[in-house]
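A short worksheet on the structure shown next.
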Amino acid sequence: MQQATEDLLEEVGYDGLILTEVAARAGVNKTTVYRRWPTKVALVTDLYLSRAADLDIGRDTGSLVSDLVSLLGSIVTSVNTPAARAVLSAVIGGILDDEARAAREAFWAERFRRGAVIVDRAVERGELPPHTDARLLLEDACSPVYFRLLLTGETPTAAEIEMFACRAALRAQTSADDGEQ
């Protein structure tokens, strides 16, 4: 079902996605789809929540910056698909309803929960103090990547990804030293 949904999202976008077409593409009866996902929002939400759970936070590279570079690279890879862009365009365009907003919140909560392991590892290595706010650090590192991909349509280079990671790590270390985090 996930592959059928992604394929259709790539072909017709979020607005054009129809559950009966997903069922046909997946080779199942439409009642199978409607029983589990009564709305398009529910289906796409389930798809992207599973993607959030699959977030590749990478192996422990031994440093905060390298871990962040790995994370940012996986974000570039995942967002640079037509299906992901279709859903993110719908989110950015504000066309989603309350159910979709709740799903978006769940998606980001899962992404931040899984990404926090990077900060936890950095704390264990002594690169960051124990009270470092993982979400703030991750937002700092990821924001320029999402800005480039979704707003300007540019794909960050490897050098830019490393710069974003270094800048976020330095700010987290500096803020922690100042007692701000």
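The values are calculated or read from the model by the stated rules, or taken from the named source; none is laboratory data. Given the structure is predicted, the values throughout are model-derived calculations rather than measurements. Every residue, glycine as well, gets a Cβ built from its backbone with ideal geometry; the counts of neighbours run over all protein chains shown. Remember, those area values only see protein heavy atoms, side chains included, never the ligands or the DNA or RNA. Shrake-Rupley method; radii C 1.70, N 1.55, O 1.52, S 1.80 Å.
Could you please state how large a percent of the accessible area of the chain is carbon and sulfur, counting protein chains only and using a 1.4 Å probe?
Percent of accessible area from carbon and sulfur atoms in the chain: 53.
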Item to complete: Run through all the Cα pairs of segment 98-181 and give the fraction in each 10 Å bin from 0, expressed as whole percent.
Response: 17, 41, 32, 10, 0
Discussion item. For the chain, take the longest principal axis of its alpha carbons; what is the angle in degrees between that and the long axis of helix 98-125, to the nearest 10 within 0 to 90?
Written reply: 30
Worksheet entry | For segment 1-28 versus segment 128-171, the gap between their alpha-carbon centres in whole angstrom | 32
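List the chymotrypsin sites (Phe, Trp or Tyr not before Pro) within segment 1-76 that DSSP assigns to loop and that have no more than 13 neighbouring Cβ atoms inside 10 Å. The partial results should precede the final answer.
Values: sites: 14, 34, 48; in loops: none.
Counting only loop positions with at most 13 other Cβ atoms within 10 Å, none of the chymotrypsin sites (Phe, Trp or Tyr not before Pro) in segment 1-76 qualifies.
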Discussion item. So if a site counts as exposed when it's one of the GluC sites (Glu not before Pro), its DSSP state isn't H, G, I, E or B, and it has at most 13 other Cβ atoms within 10 Å, what's the longest stretch of the chain without one?
Written reply: 1-153
Item to complete: Compute the acute angle (0 to 90°) between the alpha-carbon long axis of helix 134-146 and the principal axis of greatest extent of the alpha-carbon atoms of the chain; round to the nearest 10°.
Response: 60
Practice prompt. Would you mind working out the accessible area per residue for the chain, using a 1.4 Å probe, and quoting it in Å²?
Written response: 51
Worksheet item: Which angle between 0 and 90 degrees, to the nearest 10, do you get for helix 158-177 versus the longest principal axis of the chain when only C-alpha atoms count?
Response: 60
Item to complete: Among (i) 12.6; (ii) 19.1; (iii) 11.0, find the value of mean projected area of the Cα convex hull in nm² that was calculated from the structure presented, and write down its label.
Response: (iii)
